[in-house]
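Peer 1: Supplied in structure tokens, the structure appears directly below.
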């Protein structure tokens, strides 16, 4: 069944699938530099609605680019429109989310199924969060088996952590990948393999920065806007700043308000947000992501803003208030001592939560994420570091999947001890 | 006695009523049952002298007859004319029982019987009322549904018009699937290999997966 040609076959039909928190990136090696992308979500239409009946389409779940055509009342969205991987983990018994995962996987594979006769299924490399528990791997392999029962689309499959995929796509065999998304942040040292015992998880991500931004909007008189998640996220992304030193930045901003006051127009609307005398709070947004321990944040916690807490999710214990510098240091210190200097020299920052603006006129006060991490490590006495913000972070994981599938031999079979290898379906 | 019995019977038959052979709970041998032109059931009992004189017996008869009010529409008792002025007729009136007097010469109605609705009639009327009420409710609901249907038809028509306008204005904006005819996957050559594969040290590292263990063994 397999022979020399199998290795060549695999190289042609390797397929990457990155199950991100917001987007699902997918495609075979033939996609080139960039994968296809759809939102990692599914919609369960109301079968009793008149619109469902009028369209005459019998679908239990809608995924992909067609979703906007099916959306109904806004008040239904929270129950019908589901984002399964919001925090990187799906509960074992969350049937709806697993059904969505199956549908988007099938959608992706069917959209690229070739017509040539020699096609016998893809070599699929899927990627999950580094903190995904073992049952998620089991469920995903089961889903692929189910898909094959309907149509043979997957010849073999494997699953790799997203942090490993990032390291692979950046051509760095020894590094620490810090992946920060909407719900949490993971620090993952890698030395040809993920060093699983050293993975550290933080219960803090872009969503927490959104919460602080909402509080700032309320204080500035924009209480209504503060309730709209998409608006809050846009304002965070466009107005948030990361300070070199928070106290100095606040002092400077209060003395020079004209440099920080910005009238921000929400795209597609007539709404203009002007923080005015609260413009100095722009620095709080960025600082909070990297280090929530400054005393200035206590007033927000006292007023009811959720404080990132320590929590156990799946197999991992998530720390809430750990600053990123301390998290990286603690993670690296769990690795062999000889390896540690090499790890400090290659710290890769990945994920949307590391994209911060640095306006040219403020570059002495506001900095980028890589500089901030470096400074946090220096405060802890760790000086000889090299921190890199990944290029094209939205494609990194998919690219890593393609490289992995291309290179790993077809006869390297899956092992639940190593959590690596190909699971063959036929 | 037989003569008087027949005379009383003839009196009712002369009204155009018909005698019924029907059994009731307290029907005695000499009781009559008639049906009039309106299909009402009339029950007639002939009371003897002894039954009239004895108050207990009289009351017992009255109560017995009154218990028939759910099965018959009218109840009469027939008594000798001579007793009509002697007997206290108030219990009969109270219970709606009519009085017929008779002698050798004549049979006549002294006081009319009250009309009773039979149990089945009462239930029939209740059912009619219920049906009427339910019918009214259904009618209201039907009117409501008709209005909603008209609104929905208008909405669908409006949506159809919008779709027509959109179709005429623009080309399709959503193409969700690449047609199968276009998908032919070619292996990456050195010319078209993606940048992230070129000069990537991980290729060599990953190619040894599984081989390192075999070498170690």
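Peer 1: Take the conditions part of a loop (DSSP other than H, G, I, E, B), touching a helix residue (DSSP H, G or I) at 6+ places or on another chain (Cβ under 7 Å) and away from chain B (no Cβ under 13 Å) and apply them to residue A:388. Does it pass?
Peer 2: Details: part of a loop (DSSP other than H, G, I, E, B): no; touching a helix residue (DSSP H, G or I) at 6+ places or on another chain (Cβ under 7 Å): yes; away from chain B (no Cβ under 13 Å): yes.
Criteria not met by residue A:388.
Peer 1: Suppose we filter A:163, A:158 for residues that are within 14 Å of chain B (Cβ to nearest Cβ) and buried (at least 24 other Cβ atoms within 10 Å of the Cβ); which single one remains? Don't jump to the end; show me each part of the working.
Peer 2: Values: A:158 fails: buried (at least 24 other Cβ atoms within 10 Å of the Cβ).
Unique residue meeting the criteria: A:163.
Peer 1: Taking the stated definitions as given, is residue B:162 under 60 Å from the mean Cα position of the chain (by Cα), over 22 Å from residue A:408 (Cα atoms), more than 7 Å from chain A (Cβ to nearest Cβ) and modelled with pLDDT of 75 or more? Quick ask: steps written out before the conclusion?
Peer 2: Details: under 60 Å from the mean Cα position of the chain (by Cα): yes; over 22 Å from residue A:408 (Cα atoms): yes; more than 7 Å from chain A (Cβ to nearest Cβ): yes; modelled with pLDDT of 75 or more: yes.
Against the criterion (under 60 Å from the mean Cα position of the chain (by Cα), over 22 Å from residue A:408 (Cα atoms), more than 7 Å from chain A (Cβ to nearest Cβ) and modelled with pLDDT of 75 or more), residue B:162 qualifies.
Peer 1: Another question, then. Among residues belonging to segment A:83-94 that are surrounded by fewer than 19 Cβ atoms within 10 Å (Cβ to Cβ) and at pLDDT 85 or above, point out the one that is nearest to the chain's Cα centre (by Cα).
Peer 2: Looking at residues that are surrounded by fewer than 19 Cβ atoms within 10 Å (Cβ to Cβ) and at pLDDT 85 or above, I get A:91.
Peer 1: Within segment B:175-210, which residues are modelled with pLDDT of 90 or more, more than 7 Å from chain A (Cβ to nearest Cβ) and not in a loop (DSSP other than H, G, I, E, B)?
Peer 2: Across segment B:175-210, the qualifying residue is only B:204.
Peer 1: While we're on this one: Just need a number here: residues in segment A:228-244 that are modelled with pLDDT under 85 and outside any loop (DSSP other than H, G, I, E, B). Break it down into steps so the answer makes sense when it comes.
Peer 2: Just the residues of segment A:228-244 that are modelled with pLDDT under 85, to begin with: A:228-230.
Now drop any that are not outside any loop (DSSP other than H, G, I, E, B), which leaves A:229-230.
Looking only at that region, the number is 2.
Peer 1: For segment A:176-215, which residues satisfy the criterion of being within 14 Å of chain B (Cβ to nearest Cβ) and in contact with a helix residue (DSSP H, G or I) (Cβ under 7 Å, 6 or more places away or on another chain)?
Peer 2: First pass over segment A:176-215, keeping only residues within 14 Å of chain B (Cβ to nearest Cβ): A:177, A:190-194.
Hits for segment A:176-215 are A:177, A:190, A:191, A:192, A:194.
Peer 1: Scan segment A:30-63 residue by residue and report those that are modelled with pLDDT of 70 or more, more than 10 Å from chain B (Cβ to nearest Cβ) and outside any loop (DSSP other than H, G, I, E, B).
Peer 2: Of everything in segment A:30-63, those that are modelled with pLDDT of 70 or more, more than 10 Å from chain B (Cβ to nearest Cβ) and outside any loop (DSSP other than H, G, I, E, B) turn out to be A:37, A:39, A:42, A:43, A:62.
Peer 1: Could you identify the single residue in A:23, A:76, A:66 that is away from chain B (no Cβ under 13 Å) and either at pLDDT 70 or above or touching a helix residue (DSSP H, G or I) at 6+ places or on another chain (Cβ under 8 Å) (or both)?
Peer 2: Working: A:76 fails: either at pLDDT 70 or above or touching a helix residue (DSSP H, G or I) at 6+ places or on another chain (Cβ under 8 Å) (or both); A:66 fails: away from chain B (no Cβ under 13 Å).
Unique residue meeting the criteria: A:23.
Peer 1: Any idea which of (1) in contact (Cβ under 8 Å) with a residue 24 or more places away in the chain; (2) closer than 30 Å to residue A:33 by Cα; (3) in contact with a helix residue (DSSP H, G or I) (Cβ under 9 Å, 6 or more places away or on another chain); (4) assigned to a helix (DSSP H, G or I) is the one residue A:410 doesn't satisfy?
Peer 2: Among (1) in contact (Cβ under 8 Å) with a residue 24 or more places away in the chain; (2) closer than 30 Å to residue A:33 by Cα; (3) in contact with a helix residue (DSSP H, G or I) (Cβ under 9 Å, 6 or more places away or on another chain); (4) assigned to a helix (DSSP H, G or I), residue A:410 violates only (4).
Peer 1: Has segment A:392-399 got at least one residue that is touching a helix residue (DSSP H, G or I) at 6+ places or on another chain (Cβ under 6 Å) and part of a loop (DSSP other than H, G, I, E, B)? Can you show your working first?
Peer 2: Applying the first criterion (touching a helix residue (DSSP H, G or I) at 6+ places or on another chain (Cβ under 6 Å)) to segment A:392-399 yields A:396-397, A:399.
Filter once more, keeping what is part of a loop (DSSP other than H, G, I, E, B): none.
Scanning segment A:392-399 turns up no residue that is touching a helix residue (DSSP H, G or I) at 6+ places or on another chain (Cβ under 6 Å) and part of a loop (DSSP other than H, G, I, E, B).
Peer 1: Something else now. Hey, among the residues in segment A:391-411 that are buried (at least 17 other Cβ atoms within 10 Å of the Cβ) and farther than 18 Å from residue A:169 by Cβ, which one's nearest to the other protein chains (Cβ to nearest Cβ)? I'd like the intermediate steps shown before the answer.
Peer 2: Of segment A:391-411, the ones buried (at least 17 other Cβ atoms within 10 Å of the Cβ) are A:393-410.
Of the ones still in play, those that are also farther than 18 Å from residue A:169 by Cβ are A:409-410.
Numbers: A:409: 6, A:410: 10 Å.
Applying the filter and picking the extreme gives A:409.
The values are calculated or read from the model by the stated rules, or taken from the named source; none is laboratory data. Just so it is clear, the model here is predicted, and its values are computed rather than measured. No Cβ is skipped: glycine too gets one built from the backbone with ideal geometry, and neighbour counts run over all protein chains shown.
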